[in-house]
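For reference, the structure is listed below as structure tokens.
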Amino acid sequence: MGDRTEYWLARMEHAVWSLEKRVGKEKCEYLLKLLRDGEYATFAEEALNYYDKLYDKHFKNAEGTGGGGGTRKCRSLDVVVDEACTLLDPIDVAKQVLGALEVLAEEPVGVPDLA
């Protein structure tokens, strides 16, 4: 492996271990194996599953009540880019995100006054 790849992998390993308290040692070891084996699509899917659940929890508790009845003063948007994770052209990704935002902007919504 080249220096840049080794540096990237070391940083990714550090990031994975930072999740140990939340996901456990076994899950961290599984994620690291995926990285080391070059199974990046599966790694990304597993990591996103964790973060999706975390974001969902924060959305539900947005007002800090802890009961799941909170609301957000914004909307979230999912943009799926090459599910197979074979192509990751940053220009294409940016175009897809901007296109999704344009569609979202056209949808009428009752926006609360944030003042």
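Tabulated data for the structure shown
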item: Which listed residue, of 41, 10, 15, is assigned to a helix (DSSP H, G or I), surrounded by 13 or more Cβ atoms within 10 Å (Cβ to Cβ) and among the small types (Gly, Ala, Ser); result: 41
item: Residue within the stretch 78-85 that is in a loop (DSSP other than H, G, I, E, B), touching a Lys or Arg at 6+ places or on another chain (Cβ under 6 Å) and at pLDDT below 70 present; result: no
item: Selection within the stretch 8-51 - in contact (Cβ under 8 Å) with a residue 24 or more places away in the chain and over 24 Å from residue 80 (Cβ atoms); result: 9, 22, 36
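The values are calculated or read from the model by the stated rules, or taken from the named source; none is laboratory data. Model, not experiment: these values are computed from the prediction. As a convention, Cβ positions derive from the backbone with ideal geometry for all residues, glycine included, and neighbour counts pool all protein chains shown.
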